[in-house]
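The values are calculated or read from the model by the stated rules, or taken from the named source; none is laboratory data. Just so it is clear, the structure is predicted and the values come from calculations on it, not from any experiment. Neighbour counts run over all protein chains shown; Cβ positions are idealised from the backbone, glycine included. Just so you know, the surface numbers come from the protein's heavy atoms only, side chains and all, with ligands and any DNA or RNA stripped out. Shrake-Rupley method; radii C 1.70, N 1.55, O 1.52, S 1.80 Å.
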Amino acid sequence: QVQLVESGGGVVQAGGSLRLSCAASGIIVTINTMGWYRQAPGKQRELVATISSTSSTTYADSVKGRFTISRDNAKNMVYLQMNSLNAEDTGAYYCNSQRGWSTSWGQGTQVTVSS
């Protein structure tokens, strides 16, 4: 059974930083495409960043240059380093894994950026 558990969310002032973590079990992060998505109140869930099995990364235009996705193969974890946060980054952040037709989601962690 796949389990993705996010942590690291919280309240931060604009311009600050947070690092989100995603602990994976039941899958191996190195052979899945792992991603972070976010959902602001009243908005659809959107892609933030992904890292593929070949370590290729993609980012939403709104976070390029500020966010970095990475993974720790030994710990089977994925991270999202978020710098220069602004109010538009507020939302629930979800860890996602994809391999073929199989996709899984974590329960989410809340990030609130105060101005």
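What to note about this one:
- Sequence-separation-based contact order of the chain, relative, with Cα cut under 8 Å and 6+ spacing, percent: 36 percent
- Charge dipole (Cα centre; +1 on Lys/Arg Cβ, -1 on Asp/Glu Cβ; no other charges) of the chain amounts to roughly 140 debye.
- Highest mobility in the GNM of the chain, judged by mean-square fluctuation with C-alpha springs under 10 Å and restricted to ARG38, ARG99, ARG71, is found for ARG99.
- Carbon-plus-sulfur accessible fraction, the chain (probe radius 1.4 Å, protein heavy atoms only): 48%.
- Measuring r between the beta carbons of GLN13 and LYS43 and using R0 = 25 Å, the FRET efficiency lands at 0.65.
- Once both labels are positioned 7 Å from their Cα atoms along Cα-to-Cβ, the gap between GLN107 and ASN73 label points is 3.1 nm.
- When the Cα convex hull of the chain is projected onto planes of every orientation, the mean area is 6.8 nm².
- Dipole axis of the chain (+1 Lys, Arg; -1 Asp, Glu on Cβ), positive-most option in THR54, MET82, GLN39: THR54
- The packing ranking, built from the mean of other Cβ atoms within 10 Å per residue, places the peptides 105-112, 75-82 in the order 75-82, 105-112, highest first.
- For LEU80, net neighbour charge (Lys/Arg +1, Asp/Glu -1) across residues whose Cβ lies under 13 Å away: +1
- J(HN,Hα) series, the range 78-84, from Karplus relation 6.51 cos²θ - 1.76 cosθ + 1.60, nearest Hz, glycine and proline x: 10, 10, 9, 8, 10, 10, 6
- Cβ-based net charge around ALA14, under 14 Å, with every Lys or Arg adding one and every Asp or Glu removing one: -1
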